[in-house]
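The values are calculated or read from the model by the stated rules, or taken from the named source; none is laboratory data. Quick caveat: nothing in here was measured; it's all calculated off a predicted structure. All Cβ positions, glycine included, derive from the backbone under ideal geometry; neighbour counts span all protein chains shown. When the accessible area is computed, the model is the full protein with side chains, heavy atoms only, and any ligands, DNA or RNA have been set aside. Shrake-Rupley method; radii C 1.70, N 1.55, O 1.52, S 1.80 Å.
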Amino acid sequence: MTKLKGALIGCGFFAINQMHAWNDVRGAGIVAICDRDPERLKIVGDQFGIDRRYGDAEALFADGSFDFVDIATTVQSHRFLVEMAARNKVPAICQKPFAKSLSDAKAMVEACRNAGIPLMVHENFRWQTPIQAVRKALDLECHRHALLGPFLLPFGLRRLFRPALSRRGRTVHHRRPRHPYARYRPLYPWRRSLGHGPHQAGQSQDQGRGCRDHSARS
């Protein structure tokens, strides 16, 4: 299998993690790095043995000889660099957050679509062991509810539509006219809006609700 050659733009704080991750990928590797800070460029280049170093992204793309670009800069430069990759027909992987605004994100996607190149959003955490374990647990839970849903639904509906009971188990009586959902007020004590709408001036919160004040019952 031919090993893909990549270029990394951005040698900041996360660049070390990026480089270690690329070293673990069997089918790809970083052959060139780019950063405007000469010190950061030297640190990353020396640690990982990268000879091709650039202080300008345009010079990097001009030399070419790589198959994809990993953009690991801050969000302010993402659109500029992605559009540059599109102009040079180089597939791009862009670090999160993807863009500063929705309009920038749409422009980036459109530029790569018109150039006919892949555009990917980078998020390495999704492949970490704890995250994968959570995903598997969620998938299992979804399957469990899908299987048990038809059996559990009738019980849920029965509980929802049975007559509402007060705290002592006695049936709640209502005045007429009443709000159609006033019978469910004891089930949702924190919802104080199950009355007849906005309170009128001079009324207490429980007046005009069409439902007796259950807190006053002994």
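As a fraction of the 1.4 Å probe accessible area of the stretch 1-137, surface on carbon and sulfur atoms comes out at 56 percent. Classify the stretch 1-64 as rounded, prolate or oblate, taking a ≥ b ≥ c as the square roots of the eigenvalues of its Cα gyration tensor: rounded when a/c is under 1.5, otherwise prolate if a/b is larger than b/c and oblate if not. Oblate is the answer for the stretch 1-64, as a/c is 1.5 or above yet b/c matches or exceeds a/b. Once the mean of 1/r is taken over each pair of separate Cα atoms and inverted, the stretch 72-117 shows a Kirkwood hydrodynamic radius of 10.2 Å.
If R0 equals 25 Å, the separation of the Cβ atoms of Val75 and Lys136 corresponds to a calculated FRET efficiency of about 0.20. Which of Lys42/Lys106; Lys5/Lys136; Lys3/Lys89; Lys3/Lys106 have a Cα-Cα distance over 28 Å? Exceeds cut-off: Lys42/Lys106; Lys5/Lys136; Lys3/Lys106. For the stretch 13-143, the square roots of the Cα gyration tensor eigenvalues, ordered a ≥ b ≥ c, give a/c of at least 1.5 with a/b no greater than b/c, which places it in the oblate category.
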